[in-house]
1. Between E34 and L67, take the C-beta separation as r, use R0 = 45 Å, and let me know the FRET efficiency to the nearest 0.05.
2. For N60, which sequence-distant residues (separation of 5 or more, or a different chain) have an amide H within less than 5 Å of its own amide H, given hydrogens modelled in the peptide plane?
3. Using each residue's phi in the stretch 66-73, evaluate 6.51 cos²θ - 1.76 cosθ + 1.60 at θ = phi - 60° and report the 3J(HN,Hα) Karplus result to the nearest Hz, with x for Gly and Pro.
4. Note down the nm distance, to one decimal, between modelled labels 7 Å out along Cα→Cβ at E74 and at K132.
5. Could you go through the stretch 77-93 in sequence order and give the Karplus-derived ³J(HN,Hα) for each residue, using 6.51 cos²θ - 1.76 cosθ + 1.60 with θ = phi - 60°, rounded to whole Hz, and x for Gly and Pro?
Amino acid sequence: MKKEDTEPLELIGVTVEGIIEEMKKTDEKYGQYEYKDEDITSYPIAWTNPDNGKIYIGINSPEYSHLNNKGESELNLAKIISTIIHESLHASSHQHKGLQSQTDTGADNLNYDEYVTDYFAREVYKQILPDKDYVANCFTKGLGGENKIWGGNIVEFMIQ
């Protein structure tokens with residue numbers, strides 16, 4: 001592939017509510033979800049539009065900050081970088097969809113695209129920041145608020 005055949009990635013900072021609104025515009029299956037501030041941790045912290053590859057980052061997600069050793073809130077740079085790499089791989093995968101067409105939507109959390117993307121994102125992250133840990137959640141909540149193991153990090157979970 002020639003450099004002139006590639007397009008730059010487009011990262012767009014929006015609120016977590018903005019991510020949900022973008023998802024609704026793209027696929028009617030997300031129409032049932034109504035954003036509520038008190039449930040902010042139940043929503044995706046980032047999302048790549050499968051139609052155009054635009055990456056939406058939820059800049060107000062609590063996952064992007066943590067308390068330092070002084071008890072002060074600060075940005076969680078490892079989580080931010082991990083998320084950008086992960087979403088960039090979605091955006092650059094086959095038609096911005098990767099293996100999504102192979103995902104069994106009838107079974108909970110069988111998203112092969114997430115598994116593969118998290119694996120390669122971790123490998124890319126280790127090349128860029130070999131002394132830092134790639135950050136992905138072992139446990140998360142689905143859009144409906146149900147607790148689940150994050151399939152993209154299942155291998156790491158099993159190793160631990």
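Values in this text are rule-based calculations from the coordinates and carry no lab data. This one's a predicted model, so the numbers in the text were calculated from it and none came from an experiment. A quick note on method: Cβ atoms are made from the backbone with ideal geometry, for glycine too, and the neighbour counts reach across all protein chains shown.
1. Calculated value: 0.90.
2. Hits under the 5 Å cutoff: V16.
3. Ordered by residue, 3J(HN,Hα) equals 7, 8, 7, 5, 9, x, 9, 6 Hz.
4. It is 1.2 nm.
5. Once rounded to whole Hz, the list reads 4, 4, 5, 5, 5, 4, 5, 4, 5, 4, 5, 5, 5, 4, 4, 9, 6.
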